Amino acid sequence: MGDTPGGLGEPTLEEQIAAYQREFQDLDPQVEQIVSALSRLNRRMNVAYGRQTSALGISNAEWEVLKELVLAGAPYRMGPSDLAKRLGLTPAAMTHRIDRMVTEGLVTRERDETNRVRVIVELTPEGREKWLEAMRLATVFEEDLLQDLTPLERTTLGEVLTRLLRRVEHAQPDSGGRLSDLD
């Protein structure tokens, strides 16, 4: 087995594709190269982002909540059920995540003054600062990742990946969530 630059000891893409072709003759090696490279890139990027958020004292799971609150726009508030739906989590998993984040001072959880049954989760200044710092770190990482691509290659890659994403989203509209709540 080849050794990847990360020293993971997993087979190279070429070795993986050759093994797949040996076992499954109908395999299109070009398709497999693209899909396997995307999968490995996604996994490695998630590890890199996880290291960055960990250095900031937050988890990737917490980063996702901060991101959704920022995406909601000022005043950065959402209901827990809306957050759970956007993140593909069960209400119980969302409650657990929010509990941790309230304890860490990243969000607040208050009753909605207009509807006392409804709860509102709101980003705190500390939570917003964590989000901003994570964005700063991610921007440096992402620029480094794409440094060898020309502006035209970046544009083309972005367009192609967006088309693939739209195809998956159309064919699998529920694929944005998780298979299980593991956090």
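The values are calculated or read from the model by the stated rules, or taken from the named source; none is laboratory data. Since we're looking at a predicted model, the values are computed, not measured. Counting neighbours? That spans all protein chains shown, and the Cβs are built from the backbone with ideal geometry, glycine included.
For Thr12, work out the one condition from (1) touching a residue at least 24 places away in the same chain (Cβ under 8 Å); (2) more than 30 Å from Arg128 (Cβ to Cβ) it doesn't fulfil.
Evaluating Thr12 over (1) touching a residue at least 24 places away in the same chain (Cβ under 8 Å); (2) more than 30 Å from Arg128 (Cβ to Cβ) leaves (1) as the failure.
Based on this model, can you work out whether Arg51 counts as in a helix (DSSP H, G or I), closer than 30 Å to Ala18 by Cα, within 17 Å of the chain's Cα centre (by Cα) and not assigned by TED's automatic domain parsing to the domain that holds Glu143?
Judged against the criteria, Arg51 is not a match.
Considering only the range 110-121, how many residues are without any contact (Cβ under 8 Å) to a residue 24 or more places away in the chain and surrounded by 14 or more Cβ atoms within 10 Å (Cβ to Cβ)?
0
Might you let me know whether the range 69-86 holds any residue that is without any contact (Cβ under 8 Å) to a residue 24 or more places away in the chain, touching a strand residue (DSSP E or B) at 6+ places or on another chain (Cβ under 6 Å) and not charged (D, E, K, R)?
Checked the range 69-86: at least one residue is without any contact (Cβ under 8 Å) to a residue 24 or more places away in the chain, touching a strand residue (DSSP E or B) at 6+ places or on another chain (Cβ under 6 Å) and not charged (D, E, K, R).
Give me the pairs, please: first residue somewhere in the range 148-166 and within 20 Å of Val31 (Cα to Cα), second residue anywhere and of a type outside the set (D, E, K, R) and surrounded by 11 or more Cβ atoms within 10 Å (Cβ to Cβ), beta-carbon distance under 8 Å, and either six or more positions apart or on two chains.
Taking only residues 6 or more apart or on different chains, the pairs are Leu157/Leu149.
Checking Gln21 against (1) more than 23 Å from Asp174 (Cα to Cα); (2) touching a residue at least 12 places away in the same chain (Cβ under 8 Å); (3) touching a Leu at 6+ places or on another chain (Cβ under 7 Å), which single condition isn't satisfied?
(2)
Which is farther than 20 Å from Glu142 by Cα, surrounded by fewer than 11 Cβ atoms within 10 Å (Cβ to Cβ) and small (Gly, Ala, Ser), of Gly73, Gly88?
Being farther than 20 Å from Glu142 by Cα, surrounded by fewer than 11 Cβ atoms within 10 Å (Cβ to Cβ) and small (Gly, Ala, Ser) holds for just one of Gly73, Gly88, which is Gly73.
In the range 69-108, what residues are closer than 11 Å to Leu123 by Cβ and among the basic types (Lys, Arg)?
Result: Arg77, single match.
What residue, of Leu83, Leu132, is outside any loop (DSSP other than H, G, I, E, B), in contact with a helix residue (DSSP H, G or I) (Cβ under 7 Å, 6 or more places away or on another chain) and surrounded by 11 or more Cβ atoms within 10 Å (Cβ to Cβ)?
Leu83
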